[in-house]
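The values are calculated or read from the model by the stated rules, or taken from the named source; none is laboratory data. Just so you know, these numbers come straight off a predicted model, no measurement behind them. Cβ atoms come from the backbone with ideal geometry, glycine included; neighbour counts cover every protein chain shown. In case anyone asks, the SASA skips ligands and DNA or RNA and just uses the protein heavy atoms, side chains included. Shrake-Rupley method; radii C 1.70, N 1.55, O 1.52, S 1.80 Å.
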Amino acid sequence: MFVARHLMLCLLAWVPAAWAQQGGDLQAQILYAYQTEDTNSLANLIQELTTRVREVADDASLRYHLAHAQYRRGLLAGAARAHEAETAFADCVDQLKPLLSRDVKSVEALVLQSACYAGLADYRRIESVLLRSRSDDRLNAALKLAPRNPRAVFLSSLNGLAYASPGTAEMQHAFAQLQLAAQLFDASSATSIDTPGWGHAEAYLALGRELQARGDQLGARNWIEKSLIVAPDYKAAQRQLAQLARHD
């Protein structure tokens, strides 16, 4: 009896850890496919996750991973495959709706849906104002709930850099936010198995690019190389470092 009870307790302790590890593995696979620009692997992950979400519709973690994979697919498709990008961002938004209907204070779901609404706005010109407003609403809600969430601060900085005029206070604020995002990512785990941990390599690369644009070649190199330390196969960072080397 004691042995049976001990085995049961061990099993109950193992199951959440196994689920968490599975989530971490999925996140790592999604990020690796994105960073290496492996669209086939990303498509296969999306297909697998879609099947699993249909089987277990109330699994919030699976839905989040599927939405994240769709977000990455939209980024990789870009303007070259506009219809695919639009569909991916729209699917990302839709996958997160059940999560937010159950928990309107889910910071990570708010941040990711904000990013997907912003991506969708680039491809639906007629609805772009409405979609950007929804993106801003989600991001502002996330920042109010978690002002130092690195993904929220990072996305906010990108929005500011994209729309602020050069030399303005708004541009300086956006740059300061990007620097803060990099610091916050430094203090957070990039390998957490039970919570979203994406954004480190992208934030470091974004800061490197911004410093390069400002003429700080050494600072740019440091942050781009840091991006590659986090993600050695990140093709966008590899290209940026090669470009920087050509201009040294």
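Spatial offset of the range 63-79 relative to the range 230-248 amounts to 23 Å, using the alpha carbon center of each.
Oblate is the label for the range 155-248, because the ratio a/c of its alpha-carbon gyration tensor axes (a ≥ b ≥ c) is 1.5 or higher and a/b is not greater than b/c. Karplus-based coupling profile of the range 58-75, in residue order and whole Hz: 9, 7, 5, 5, 4, 4, 5, 5, 5, 4, 4, 5, 5, 4, 5, 4, x, 5, with θ = phi - 60° in 6.51 cos²θ - 1.76 cosθ + 1.60 and x standing for Gly or Pro. Name all residues of the range 37-61 having a backbone nitrogen under 12 Å from the label point set 7 Å from the Cα of residue 238 along its Cα→Cβ direction, giving them as ranges. Answer for the range 37-61: 37-38.
Our Cα-only numbers for the chain put the radius of gyration and Dmax at 19.3, 73 Å.
For the range 93-227, the spherically averaged projection of the C-alpha convex hull amounts to 8.9 nm². Evaluating 6.51 cos²θ - 1.76 cosθ + 1.60 at θ = phi - 60° for every residue in the range 170-177, the Karplus couplings come out as 5, 5, 5, 5, 5, 5, 4, 5 Hz, glycine and proline recorded as x.
Counting only residues at least eight positions apart within a chain, or on another chain, the lysines with an alpha carbon under 25 Å from that of residue 97 are 105, 144. Coupling constants for the range 84-100 follow from the phi torsions by the Karplus curve (6.51 cos²θ - 1.76 cosθ + 1.60, θ = phi - 60°), and in residue order they are 4, 5, 4, 4, 5, 5, 5, 5, 4, 4, 5, 5, 8, 4, x, 5, 6 Hz; glycine and proline get x. Listed by chain and number, the lysines placed with their C-alpha closer than 18 angstrom to that of residue 235 are 226; residues fewer than eight positions away on the same chain are left out. Counting Lys and Arg as +1 and Asp and Glu as -1 over every other residue whose Cβ lies under 14 Å from the Cβ of residue 72, the net charge comes to -1. Centre-to-centre separation between the Cα atoms of the range 95-124 and those of the range 146-162: 15 Å. Over the range 132-241, what percent of the accessible surface lies on carbon and sulfur atoms, probe 1.4 Å? Taking all protein chains in place, the range 132-241 shows 53 percent carbon and sulfur surface. By its C-alpha gyration tensor, with a ≥ b ≥ c as the square roots of the eigenvalues, how is the range 42-171 shaped: rounded for a/c under 1.5, else prolate for a/b larger than b/c, else oblate? Oblate shape, in that a/c is at least 1.5 and b/c is the bigger or equal ratio. Seen against the Cα atoms of the chain and their longest principal axis, helix 200-213 is set at about 0 degrees. Average accessible surface for the chain: 53 Å² per residue, computed with a 1.4 Å probe over protein heavy atoms with every protein chain in place. For the range 16-113, taking the reciprocal of the average inverse distance between every pair of different Cα atoms yields a Kirkwood hydrodynamic radius of 13.5 Å.
Electrostatic bookkeeping for residue 50 treats Lys and Arg as +1 and Asp and Glu as -1; over the other residues with beta carbon under 11 Å from its beta carbon, the sum is 0. Charge tally for residue 32 (other residues, Cβ to Cβ under 12 Å; Lys, Arg +1; Asp, Glu -1): -2.
Under the rule a/c < 1.5 gives rounded, and otherwise a/b versus b/c splits prolate from oblate, where does the range 50-92 land using the Cα gyration tensor? Prolate shape, in that a/c is at least 1.5 and a/b is the bigger ratio. Set against the 2.2 N^0.38 Å expectation for a compact globular protein, the range 65-130 has a Cα radius of gyration ratio of 1.06.
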